[in-house]
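As structure tokens, the structure follows; a few thoughts come after it.
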Amino acid sequence: MNSPDPLSLTPAFLSIGSNVGNKIANLDLAIRRLGAAEGILVQAVSKFYKTAPQNYTDQDWFVNAAIKINTVHSPQKLLGVLQAIEKEQDLDGKPFRFGPRKIDLDIIFYGQKVMRTPTLVVPHPRMHERAFVLKPLCDIDKNLVHPVNGLTVGELFEQIKTDEGQAVIALAKEETREIFY
């Protein structure tokens, strides 16, 4: 595979999560698949966090992380790559919105792009309300600025971190393995 032209790359930040099966292995596999995808370079992976389920709470806790990539793909094409990785790992998918899932990959930021289509909203429309998205993003770059509200992800996390229903607990190193690309 040829390396993408560095001048044509756009940084993007993704959220990844799992709460079915071997959650850490599910994340590891998805990150490896992402790193092997044409036109995508994985730049950074946050710590892994055990996180309380949101919206639909009658399910197992998640393991979540954030990923920084550089990509040649448009936001829509990147979404297609993420959906293909999800489908490859979990043929049945999640049973309902906010329900349990083996793997979930979301685009949080795509450069400083702001867009709304029937299939994709960037930046992610609920990211500023979710500690399980913001804390891992802070690991990668707490000074990353939200292109709509102008606040950094660190500032957004500070606004919600005391919410009792949003537990975000870093997993110990021995619970995870080091990931190198």
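Scanning segment 133-162 for residues that are over 16 Å from Q54 (Cβ atoms), in a loop (DSSP other than H, G, I, E, B) and among the β-branched types (V, I, T) yields a total of 1.
Could you check how many residues of segment 33-65 are of a type outside the set (F, W, Y), closer than 18 Å to P136 by Cα and at pLDDT 95 or above?
Initially, segment 33-65 is screened for residues of a type outside the set (F, W, Y), giving 33-47, 50-55, 57-60, 63-65.
Applying the additional criterion that residues be closer than 18 Å to P136 by Cα yields 34, 42-47, 50-54, 63-65.
Add one more test, that the residue is at pLDDT 95 or above, and what stays is 34, 42-47, 63-65.
Number of matching residues: 10.
Within segment 21-41, the set of residues being hydrophobic (A, V, I, L, M, F, W, C) and crowded, with 20+ Cβ neighbours inside 10 Å comprises L27, A30, I31, L34, I40.
Go through (1) under 12 Å from the mean Cα position of the chain (by Cα); (2) surrounded by fewer than 17 Cβ atoms within 10 Å (Cβ to Cβ); (3) of a type in the set (V, I, T) one by one and return the number of the condition I107 breaks. I107 satisfies all of (1) under 12 Å from the mean Cα position of the chain (by Cα); (2) surrounded by fewer than 17 Cβ atoms within 10 Å (Cβ to Cβ); (3) of a type in the set (V, I, T) except (2).
So for segment 62-76 (the condition being surrounded by 14 or more Cβ atoms within 10 Å (Cβ to Cβ), outside any strand (DSSP E or B) and in contact with a strand residue (DSSP E or B) (Cβ under 6 Å, 6 or more places away or on another chain)), does at least one residue qualify? Looking for residues that are surrounded by 14 or more Cβ atoms within 10 Å (Cβ to Cβ), outside any strand (DSSP E or B) and in contact with a strand residue (DSSP E or B) (Cβ under 6 Å, 6 or more places away or on another chain), one finds at least one in segment 62-76, hence yes.
Can you find a residue in segment 85-98 that is of a type outside the set (S, T, Y), assigned to a loop (DSSP other than H, G, I, E, B), on the phi < 0 side of the Ramachandran plot and modelled with pLDDT of 95 or more?
No, that holds for no residue.
Candidates in segment 153-181 are the residues that are over 12 Å from A131 (Cα atoms) and loosely packed, with under 11 Cβ neighbours inside 10 Å; of these, the one that is modelled with the highest pLDDT is A172.
The values are calculated or read from the model by the stated rules, or taken from the named source; none is laboratory data. Everything numeric in this text was worked out from a predicted model, so none of it was measured. Please note: Cβ atoms are built from the backbone with ideal geometry, for glycine as well, and neighbour counts cover all protein chains shown.
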